[in-house]
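Trainee: Pasting in a structure now, in structure tokens, and then I'll have a few things to ask.
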Amino acid sequence: MKRHTPQENQSHQPEILLAENLHKSYGPRQALAGLSFSLKAGRILGFLGPNGAGKTTAIRILTTLLEPDSGRFVVNGIDSKYPQAIRRRIGVLPENLGFPRQITAVEYLTYFGQLYGRSAKDAKAYGLALLEEVGLEQRARSLVGTYSHGMKQRLGIARALVNAPVVAFLDEPTLGLDPRGQQELLSLIKRIVKERNVGVVLCSHALSEIDAICDDVVILMAGRVIASGTVIDVIKQTRQNAFRVQVPPPSLDKARRVLKALPSILDIALTDETTGWLRLELEDENRKVSTENHQINNKILGALVRAKIPVLSFGADGGRLQDVFLQLTEEEVK
Amino acid sequence: MNVKSRSLDYQDTLSGIAPPAWWLVFKRELSDLWIGGKAFNMILIYAILLGVMVYVYSFNTELSLIPPKEAVYEMLKNAMAFCMFVGLVIGADTLSGERERATLESLLLTPTSRRQIVIGKFLAGISSWPPAFIIVLPFLNVLSQGDEVLGPAILWGALTGTVLVLAYTALGMLVSFWSNSNKVSYFVSLGIFVLLLVPAELPGKSAGAAGQFLQWINPLAAVNHFLSKHLVNYRTLAEFWTWLISPVAFLIITCVLLFLFAGPTLRIEGGRPSKFWAKINRALGLSVILCILFSMTAFPALALQGEPPGGNLQISIDMSYGLVKTGDKVEFNTVVTNAGSSASPPLIVAMNIINLDASGDVVDPEDWSPQRTQYLEALGPGESAELAWIINTILEGDYMVYMVIIPAPESKETTSQPIASPGIHLTSHHTQGSTRKECFLMQLARRWLYY
């Protein structure tokens with residue numbers, strides 16, 4: 001059997017969600033100003049943006065709860081003019097999903113399965129299978145009111161999958177969960193994407209989550225897309241011409257003197273005195289000198305080692321999604 | 001079952017296998033209402049209240065004198081009002097409550113039509129009415145004491161109650177549809193309930209055309225009026241069917257608004273779905289405020305106007321006492337005034353004479369006066385009529401003379417409230433040699449002392 005690389009796999013995947021120039025205003029306030037992106041099957045797209053960026057509006061439009069002022073979107077070939085048909089093809093875990101208290105998990109999923117057109121028997125069987133898939137089979141007949149927050153989130157994911165959707169929208173799925181719960185839920189999402197070949201739009205404020213499990217990312221700011229593409233591409237889009245280096249705090253002055261003597265370094269900034277973090281900005285002459293140039297890495301490390309300064313941590317500044325997000329949103333604010 | 005093996009395109013092939021969505025929503029809501037305890041608790045409170053009412057009617061010495069048909073009517077009226085309240089409260093929670101509990105969004109994300117969701121919820125909302133009506137039946141039976149009013153009370157109670165409960169539940173759901181929070185929904189719904197209930201408790205018969213119209217247009221007041229006429233006064237349907245127009249129209253309007261306008265546009269957020277509805281909402285809000293202001297100013301006035309017939313009639317006498325010789329003729333005048341804003345019915349003014357001495361003879365007024373009863377035509381607003389009276393003091397003693405105005409009842413089956421005048425304290429005695437002039441002087445002296 002021929003094995004494909006992830007990149008090769010992606011190129012064969014169909015586009016299951018396509019948003020084109022979506023606009024939405026609430027009175028004079030523009031919530032979305034031309035949102036466009038696409039998602040392929042089997043990929044996870046991270047939806048990022050500060051509060052009020054338009055994420056919730058975008059998700060509500062894409063899940064047919066709101067109508068856009070202009071623009072369109074297509075889900076698995078179905079145009080947004082047919083919201084009912086789209087609802088058959090999407091699954092949603094809203095940010096604050098409420099559950100009836102006096103109902104068991106299997107009854108809950110059976111009810112929604114029937115609303116999607118299944119017979120009672122089929123809906124119940126499928127609900128039980130979903131509960132097994134999300135790890136709730138032991139509590140299938142417990143009242144939902146007795147569930148913990150993490151269990152409710154799992155049940156919410158099961159409910160989002162009750163119609164075997166093509167695209168699933170998960171809005172802050174790990175909100176309020178402990179670190180272990182977060183990890184388990186992210187693993188579950190990854191597994192579901194892999195096994196079902198479903199496309200997932202994941203809204204989250206936890207940039208580490210997006211960084212960890214998303215293939216693509218869309219960063220929104222004031223209703224506009226300020227960056228989009230694969231996570232790697234978006235990180236590359238931003239300026240990465242600086243290093244972060246951590247030395248013991250007593251050695252900070254010595255380290256600054258040593259590094260200042262190096263010809264490639266434009267500026268040295270003390271970012272955190274108590275933990276000993278320095279930010280080294282490099283000269284940028286046609287990007288000959290950059291963080292991707294390994295020679296400069298060695299030069300910096302070599303100079304510090306020769307001066308007998310312990311290097312506690314070293315890496316490119318801006319190489320994480322968090323840095324990209326902060327940089328882009330800061331630029332937008334300016 | 002292999003979950004993963006399912007085709008992604010199965011969605012389009014499943015339609016028609018499951019029961020209709022409104023039925024599924026109805027069953028789910030029914031379960032929430034009754035197993036969740038909300039409807040059950042309300043019905044329990046309702047049953048207890050009915051029990052207390054029947055107990056009071058049966059054991060309170062004054063209330064136990066109420067004729068069975070009136071007791072049945074009162075019980076039916078109160079039971080219906082409570083059921084409307086329950087329907088309104090359930091309706092008011094239906095959509096805004098789900099918004100607050102964040103359970104509406106997942107329902108709206110299904111391919112179910114919005115209207116079917118609303119229909120299912122509405123049917124569940126009215127589910128408390130059939131058991132509530134069944135519960136009231138034995139109470140009505142007890143109060144009727146075998147009176148033939150029971151049959152019509154059950155029939156018309158079921159019909160009018162169903163119309164009102166359906167309309168009020170739809171009204172509650174409409175308010176809930178437009179409310180973003182449950183607090184607002186409850187507040188507005190209960191405000192409307194009180195606004196419609198208060199005038200229903202005011203008698204509007206003599207409140208003039210405006211009062212009658214308000215009574216007629218208020219569905220609850222109109223039904224109460226119809227039931228009171230039909231059940232208590234044995235008036236026919238042909239005479240009073242017009243009082244059923246407003247409740248039926250109210251039901252049609254609320255249902256059309258709910259199912260044809262609001263239902264299909266049900267959304268995750270209440271309030272303003274569009275600029276058009278924003279304007280409508282503003283207009284509605286303004287109307288509610290105006291209604292509240294109107295009720296605060298107009299209802300007290302109407303309440304005064306709406307006193308029973310005769311409540312606005314006054315009678316004065318130009319004499320408060322008389323010291324006369326037995327055999328003398330006493331002449332005095334009375335003035336009857338209609339102080340109300342509407343015309344009075346024809347009036348009967350009757351004189352009565354009471355012997356104040358417990359051991360004295362009982363007075364036969366016919367022997368004392370040739371004109372014991374006088375009749376007056378209807379008096380217009382502010383109009384007065386003067387009547388002259390003569391009394392022949394045929395016996396010695398201490399007497400009280402007073403007049404009673406009796407507004408003529410509308411029909412053989414109706415009654416009216418008589419109004420009494422101030423009395424004339426008349427003392428008659430044998431006095432040798434006294435003259436009419438002396439008597440008059442004594443009268444003057446007594447009057448002076450009195451004042």
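The values are calculated or read from the model by the stated rules, or taken from the named source; none is laboratory data. The structure presented is a predicted model; accordingly, all values stated were derived computationally and were not measured. Reconstructed Cβ throughout: ideal geometry from the backbone, glycine too, with neighbour counts over all protein chains shown.
Trainee: Search the stretch B:312-336 for residues that are polar (S, T, N, Q) and pair each with any residue that is assigned to a loop (DSSP other than H, G, I, E, B) when their beta-carbon atoms are under 6 Å apart and the residues are at least 6 apart or on different chains.
Mentor: B:Asn312/B:Ala339; B:Asn312/B:Gly340; B:Gln314/B:Ala339; B:Thr326/B:Thr393; B:Thr326/B:Glu396; B:Thr326/B:His430; B:Asn333/B:Asp318
Each row is one residue, and each column tells you yes or no for (1) modelled with pLDDT under 85; (2) over 22 Å from A:Ile300 (Cα atoms); (3) of a type in the set (Gly, Ala, Ser); (4) within 34 Å of the chain's Cα centre (by Cα).
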{"residue": "A:Ala206", "(1), (2), (3), (4)": "yes, yes, yes, yes"}
{"residue": "A:Ile213", "(1), (2), (3), (4)": "no, yes, no, yes"}
{"residue": "A:Ile219", "(1), (2), (3), (4)": "no, yes, no, yes"}
{"residue": "A:Val225", "(1), (2), (3), (4)": "no, yes, no, yes"}
{"residue": "A:Ser228", "(1), (2), (3), (4)": "no, yes, yes, yes"}
{"residue": "A:Ala242", "(1), (2), (3), (4)": "yes, no, yes, yes"}
{"residue": "A:Arg257", "(1), (2), (3), (4)": "no, no, no, no"}
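Trainee: If you don't mind, there's one more thing I want to ask. Looking at the stretch A:192-212, which of its residues are under 25 Å from A:Ile235 (Cα atoms) and among the basic types (Lys, Arg)?
Mentor: Scanning the stretch A:192-212 gives a single hit, A:Lys194.
Okay, residues lined up against (1) at pLDDT 90 or above; (2) more than 22 Å from A:Gly127 (Cα to Cα):
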position: B:Lys4; (1), (2): no, no
position: B:Leu8; (1), (2): no, no
position: B:Thr13; (1), (2): no, no
position: B:Gly16; (1), (2): no, no
position: B:Arg28; (1), (2): yes, no
position: B:Ile35; (1), (2): no, yes
position: B:Met42; (1), (2): yes, yes
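Trainee: So, in the stretch B:211-244, how many residues would count as being surrounded by 14 or more Cβ atoms within 10 Å (Cβ to Cβ) and part of a helix (DSSP H, G or I)?
Mentor: Qualifying residue count for the region: 23.
Trainee: Which of (1) free of Cβ contacts under 8 Å to residues at least 40 places away in the same chain; (2) more than 14 Å from chain A (Cβ to nearest Cβ); (3) of a type outside the set (Asp, Glu) is the odd one out, the single condition B:Leu164 does not satisfy?
Mentor: For B:Leu164, the failing item is (1).
Trainee: While we're on this one: Just one of B:Ile391, B:Ile405 is of a type outside the set (Asp, Glu) and either in a helix (DSSP H, G or I) or touching a helix residue (DSSP H, G or I) at 6+ places or on another chain (Cβ under 8 Å) (or both); which is it?
Mentor: B:Ile391
Trainee: Could you tell me whether B:Val248 is modelled with pLDDT of 90 or more and out of contact with any His (no Cβ under 6 Å at 6 or more places or on another chain)?
Mentor: Working: modelled with pLDDT of 90 or more: yes; out of contact with any His (no Cβ under 6 Å at 6 or more places or on another chain): yes.
Criteria met by B:Val248.
Trainee: So A:Leu155 fits all but one of (1) over 16 Å from the mean Cα position of the chain (by Cα); (2) crowded, with 20+ Cβ neighbours inside 10 Å; (3) outside any helix (DSSP H, G or I); what number is the exception?
Mentor: (3)
Trainee: Just checking, which of B:Tyr55, B:Tyr46 is surrounded by fewer than 16 Cβ atoms within 10 Å (Cβ to Cβ) and of a type outside the set (D, E, K, R)?
Mentor: Details: B:Tyr46 fails: surrounded by fewer than 16 Cβ atoms within 10 Å (Cβ to Cβ).
Of B:Tyr55, B:Tyr46, the one residue that is surrounded by fewer than 16 Cβ atoms within 10 Å (Cβ to Cβ) and of a type outside the set (D, E, K, R) is B:Tyr55.
Trainee: Still on this structure: Specify the residue that is farthest from the other protein chains (Cβ to nearest Cβ); the eligible residues are those in the stretch A:104-114 that are closer than 18 Å to B:Gln116 by Cβ and within 30 Å of the chain's Cα centre (by Cα).
Mentor: My answer is A:Gly113.
Trainee: Taking only the stretch A:46-98 into account, find how many residues are hydroxyl-bearing (Ser, Thr, Tyr), more than 24 Å from A:Leu207 (Cα to Cα) and within 10 Å of another protein chain (Cβ to nearest Cβ).
Mentor: Of the residues in the stretch A:46-98, the ones hydroxyl-bearing (Ser, Thr, Tyr) are A:56-57, A:63-64, A:70, A:80, A:82.
When the remaining residues are screened for being more than 24 Å from A:Leu207 (Cα to Cα), the result is A:64, A:70, A:80, A:82.
Next, only the ones that are within 10 Å of another protein chain (Cβ to nearest Cβ) stay: A:64.
Summing the residues that are hydroxyl-bearing (Ser, Thr, Tyr), more than 24 Å from A:Leu207 (Cα to Cα) and within 10 Å of another protein chain (Cβ to nearest Cβ) in the stretch A:46-98 gives 1.
Let's see how each residue does on (1) touching a strand residue (DSSP E or B) at 6+ places or on another chain (Cβ under 6 Å); (2) more than 21 Å from A:Arg191 (Cα to Cα); (3) more than 11 Å from chain B (Cβ to nearest Cβ); (4) in contact (Cβ under 8 Å) with a residue 24 or more places away in the chain:
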site	(1), (2), (3), (4)
A:Ala120	no, yes, no, no
A:Leu128	no, no, no, no
A:Leu131	no, no, no, yes
A:Gly135	no, no, yes, yes
A:Gln138	no, no, yes, no
A:His149	no, no, yes, yes
A:Arg154	no, no, yes, yes
A:Ile157	yes, no, yes, yes
A:Val166	yes, no, no, yes
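Quick grid of which residues meet (1) surrounded by 14 or more Cβ atoms within 10 Å (Cβ to Cβ); (2) farther than 30 Å from B:Val232 by Cα; (3) free of Cβ contacts under 8 Å to residues at least 60 places away in the same chain:
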site	(1), (2), (3)
B:Gly382	no, yes, yes
B:Glu386	no, yes, yes
B:Trp389	yes, yes, yes
B:Ile405	yes, no, no
B:Lys412	no, no, yes
B:Ser416	yes, no, no
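Trainee: Out of all the residues in the stretch B:357-373, which are among the acidic types (Asp, Glu) and not in a loop (DSSP other than H, G, I, E, B)?
Mentor: Of everything in the stretch B:357-373, those that are among the acidic types (Asp, Glu) and not in a loop (DSSP other than H, G, I, E, B) turn out to be B:Glu366, B:Asp367.
Trainee: Any idea which of A:Glu273, A:Glu281, A:Glu292, A:Glu330 is surrounded by fewer than 18 Cβ atoms within 10 Å (Cβ to Cβ), modelled with pLDDT of 80 or more, of a type outside the set (A, V, I, L, M) and under 30 Å from A:Asp215 (Cα atoms)?
Mentor: The conditions single out A:Glu281.
Trainee: Could you tell me how many of the residues in the stretch A:192-217 are farther than 21 Å from A:Ile90 by Cα, in a loop (DSSP other than H, G, I, E, B) and of a type outside the set (A, V, I, L, M)?
Mentor: Adding up the residues that qualify gives 1.
Trainee: So which of B:Leu237, B:Leu231 ends up being in contact (Cβ under 8 Å) with a residue 60 or more places away in the chain, hydrophobic (A, V, I, L, M, F, W, C) and under 30 Å from B:Ala378 (Cβ atoms)?
Mentor: B:Leu231
Trainee: Okay, moving on. Residues A:Arg101, A:Arg180: which one is at pLDDT below 90 and within 11 Å of chain B (Cβ to nearest Cβ)?
Mentor: Working: A:Arg180 fails: within 11 Å of chain B (Cβ to nearest Cβ).
Within the list A:Arg101, A:Arg180, the selection yields A:Arg101.
Trainee: Could you tell me which numbered condition A:Glu195 fails, if it satisfies all but one of (1) surrounded by 15 or more Cβ atoms within 10 Å (Cβ to Cβ); (2) facing chain B (nearest Cβ under 10 Å); (3) at negative phi?
Mentor: (1)
Trainee: Among the candidates B:Ala79, B:Ala39, which residue alone is under 30 Å from B:Gly151 (Cβ atoms) and within 14 Å of chain A (Cβ to nearest Cβ)?
Mentor: B:Ala39
Trainee: Tell me whether the stretch B:85-99 contains one or more residues that are buried (at least 19 other Cβ atoms within 10 Å of the Cβ) and without any contact (Cβ under 8 Å) to a residue 12 or more places away in the chain.
Mentor: yes
Trainee: Further, regarding this structure: Quick one: which helices (runs of 4 or more DSSP H) lie wholly within the stretch B:85-186 and hold at least 2 residues that are among the hydroxyl-bearing types (Ser, Thr, Tyr)? Even if it seems obvious, please write down each step before you answer.
Mentor: On the way: elements: B:96-100, B:104-108, B:114-125, B:129-144, B:150-178.
It comes to B:150-178.
Trainee: Considering only the stretch A:79-97, I want to know if a residue exists there that is modelled with pLDDT under 90, more than 18 Å from the chain's Cα centre (by Cα) and either part of a helix (DSSP H, G or I) or over 23 Å from A:Gly223 (Cα atoms) (or both).
Mentor: Yes, the stretch A:79-97 contains at least one residue that is modelled with pLDDT under 90, more than 18 Å from the chain's Cα centre (by Cα) and either part of a helix (DSSP H, G or I) or over 23 Å from A:Gly223 (Cα atoms) (or both).
Trainee: Taking A:Leu220 as meeting all but one of (1) part of a loop (DSSP other than H, G, I, E, B); (2) hydrophobic (A, V, I, L, M, F, W, C); (3) closer than 23 Å to A:Val75 by Cβ, write down the number of the exception.
Mentor: (1)
Trainee: Kindly indicate which of A:Arg118, A:Arg141 is assigned to a loop (DSSP other than H, G, I, E, B), farther than 18 Å from B:Leu24 by Cβ and more than 26 Å from the chain's Cα centre (by Cα). First the steps, then the outcome.
Mentor: On the way: A:Arg118 fails: farther than 18 Å from B:Leu24 by Cβ.
It is A:Arg141.
Trainee: Here is a follow-up. Among the listed residues B:Val86, B:Val72, identify the single one that is more than 25 Å from B:Thr254 (Cβ to Cβ) and in contact with a helix residue (DSSP H, G or I) (Cβ under 8 Å, 6 or more places away or on another chain).
Mentor: B:Val72
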